[in-house]
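Take a look at the structure set out below.
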Amino acid sequence: MTAPSTFGLSSEARNLHWLLTNLVEEVPGIQSVAVVSSDGLLLLSSDETLARARSGPGSQGRGPRGSSADLATVVSGIGSLTVGASKLMDYGPVKHTMVAMDEGSLFVMSISDGSLLGVHGSADCDMSVVAYHMALFVGRAGHVLTPDLRSELRRNLETAKGAEHESAGSPR
């Protein structure tokens, strides 16, 4: 997937892209990152940043099918499940969820009004470092992730996806 350009975006949208890029580049072991809206739509992903980082010799990337779009689906499902559990148990809103697997970890953290940050980390990632940097991202992004900004990010992704389909169909 070709990630959308930040050209023409508002300063808030560019800042979110910058925060996501910093999260990916500064935290070792991150495989994939997705910011998901409350209705499960992908708003922002690490696909472009990770593709650049892994394009060197001997690089190998693993993630849910290698795509942040697939991560968004998993994050949305886990978010729904944990919100339902929270309501059933009457313990208040869910702050974060971590799933440890043999070959990696999945972290889901609430951003604001149902939006979620999902990170797939490698088996050797330091979970406390990942969680700390996710909390920093959430703290910085939560107050700017307004309905207007979510709409802008979604339109930007749809535009990039449309451009990708057009270029894939055209002869070279």
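Points to keep in mind about this one:
- Residues of the range 86-117 that are out of contact with any Ser or Thr (no Cβ under 9 Å at 6 or more places or on another chain), open to solvent by 40 Å² or more (accessible area, probe 1.4 Å), part of a loop (DSSP other than H, G, I, E, B) and of a type outside the set (D, E, K, R): Tyr91 alone.
- Selection within the range 79-93 - closer than 16 Å to Gly40 by Cα and either under 20 Å from the mean Cα position of the chain (by Cα) or hydroxyl-bearing (Ser, Thr, Tyr) (or both): Gly79, Ser80, Leu81, Thr82, Val83
- Among the residues of the range 102-120, those that are in contact (Cβ under 8 Å) with a residue 60 or more places away in the chain and under 12 Å from the mean Cα position of the chain (by Cα) comprise Ile111, Ser115, Leu116, Leu117, Gly118, Val119, His120.
The values are calculated or read from the model by the stated rules, or taken from the named source; none is laboratory data. All figures in this text were calculated on a predicted structure; none of them were measured in a lab. Neighbour counts are summed over all protein chains in view; Cβ atoms, including those assigned to glycine, are modelled from backbone coordinates with ideal geometry. For the accessible areas, the whole protein counts, side chains as well, though only heavy atoms, and no ligand, DNA or RNA atoms are used. Shrake-Rupley method; radii C 1.70, N 1.55, O 1.52, S 1.80 Å.
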